[in-house]
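K.L.:
Attaching a single structure in structure tokens format; questions to follow.
The values are calculated or read from the model by the stated rules, or taken from the named source; none is laboratory data. None of the values given here were measured: they were computed from a predicted structure. No Cβ is skipped: glycine too gets one built from the backbone with ideal geometry, and neighbour counts run over all protein chains shown. With ligands, DNA and RNA removed, areas are computed over all heavy atoms of the protein, side chains included. Shrake-Rupley method; radii C 1.70, N 1.55, O 1.52, S 1.80 Å.
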Amino acid sequence: MEFQFQFDWQAAIDAIPFLLKGLPYTLMISFGGLVIGFLLGIIFGLLSINRRWYLRWPATAYIEIFRGTPILVQVLFIFYGLPDLVGSPIDPVTAAIAAIAFNSGAYISEVVRGGVQSIAKGQREAGLSLGLSLTQTFRYIIWPQAFRRMIPPLGNQAIVSIKDTSLFSVIGVGELVRQGQVYIANTFTAFEVYFAVAILYLIITLSLSFLLRMFERRGAAAV
């Protein structure tokens, strides 16, 4: 029996308008989660290098737990497990944003820690010798230099988080993959539809990569 497959470009093109209905969810979840994750990353990244053990140990525990467990398990725990604890259901989009926030926050914490520790100790000493306080030295001398070094890994984390949103179809979030699944159930054109989904993700991540490189070049030129 001879099997011959022909890619149906029209089926892929026809699916795009339906798939684009999931794009706002993908962007909202990824960027909303990343904003919260960046704030968590700064807080726990700085706490993880604090000399006080009672601040450093909880921060380290948070980082290791969320880096050491899959984000799919985390979102399932938030969506299905936490309602048993709090006594009320959690919206799928809220659970997805929380999963991105906590997961990306753990990775960003390590980026922050590495960026701050990469600045030579002489920079701190120079700031103090100029009469700046520790806070002023960190704000005006250490952090600007560290942040420039953080841009590439932060960009990588943003791209990873955007792709991670594809997992949230398991809790019914209507993002790109979920929209694709619904469309395939009605048209039986899985290959073409998932190809279109992949292209849409590629467009998003390449656009973000371009913006990040442009931001890097501007930052380097300003030094």
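K.L.:
Identify all residues within the stretch 39-55 that are open to solvent by 70 Å² or more (accessible area, probe 1.4 Å) and not aliphatic (A, V, I, L, M); write none if there are none.
P.N.:
Initially, the stretch 39-55 is screened for residues open to solvent by 70 Å² or more (accessible area, probe 1.4 Å), giving 39, 43, 51-54.
Residues satisfying the conditions are ARG51, ARG52, TRP53, TYR54.
K.L.:
Does any residue in the stretch 183-207 that is free of Cβ contacts under 8 Å to residues at least 12 places away in the same chain and among the acidic types (Asp, Glu) come within less than 8 Å, Cβ to Cβ, of a residue that is part of a helix (DSSP H, G or I) and open to solvent by less than 70 Å² (accessible area, probe 1.4 Å) six or more places away or on a different chain, and which pairs are these?
P.N.:
none
K.L.:
For the stretch 126-153, give me each residue that is at positive phi and at pLDDT 90 or above. Reasoning before the result, please.
P.N.:
Taking the stretch 126-153 as the starting set, the residues that turn out to be at positive phi are 131.
None; the set is empty.
K.L.:
Oh, and also: Taking ILE90, is it open to solvent by less than 50 Å² (accessible area, probe 1.4 Å) and farther than 29 Å from MET214 by Cα?
P.N.:
Spelling it out, ILE90 is indeed open to solvent by less than 50 Å² (accessible area, probe 1.4 Å) and farther than 29 Å from MET214 by Cα.
K.L.:
Right, another one. State all residues of the stretch 170-194 that are under 21 Å from the mean Cα position of the chain (by Cα), part of a helix (DSSP H, G or I) and either on the phi > 0 side of the Ramachandran plot or of a type in the set (A, V, I, L, M, F, W, C) (or both); if no residue qualifies, say none.
P.N.:
Scanning the stretch 170-194 gives VAL170, ILE171, LEU176, VAL177.
K.L.:
Among the residues of the stretch 152-195, write down those that are among the acidic types (Asp, Glu) and under 12 Å from SER30 (Cβ atoms).
P.N.:
Applying the first criterion (among the acidic types (Asp, Glu)) to the stretch 152-195 yields 164, 175, 192.
Hits for the stretch 152-195 are ASP164, GLU175.
K.L.:
Given (1) free of Cβ contacts under 8 Å to residues at least 60 places away in the same chain; (2) touching a helix residue (DSSP H, G or I) at 6+ places or on another chain (Cβ under 7 Å); (3) in a helix (DSSP H, G or I); (4) not aromatic (Phe, Trp, Tyr), identify the lone condition not met by ASN50.
P.N.:
(3)
K.L.:
Can I ask one more? Looking only at the stretch 172-219, count every residue that is open to solvent by less than 70 Å² (accessible area, probe 1.4 Å) and either over 19 Å from LEU20 (Cα atoms) or among the small types (Gly, Ala, Ser) (or both) and tell me the total.
P.N.:
Residues that pass the stated criteria total 12.
K.L.:
While we're here: If we scan the stretch 155-169, do we find a residue that is assigned to a helix (DSSP H, G or I), in contact (Cβ under 8 Å) with a residue 60 or more places away in the chain, among the hydrophobic types (A, V, I, L, M, F, W, C) and farther than 21 Å from PHE215 by Cβ?
P.N.:
yes
K.L.:
Follow-up. What are the residues in the stretch 20-38 that are open to solvent by less than 20 Å² (accessible area, probe 1.4 Å) and under 12 Å from ALA101 (Cβ atoms), if any? Give the derivation first.
P.N.:
As a first pass, look at the stretch 20-38 and keep what is open to solvent by less than 20 Å² (accessible area, probe 1.4 Å): 22, 26, 29-30, 33, 37.
Correct list: ILE29, SER30, GLY33, GLY37.
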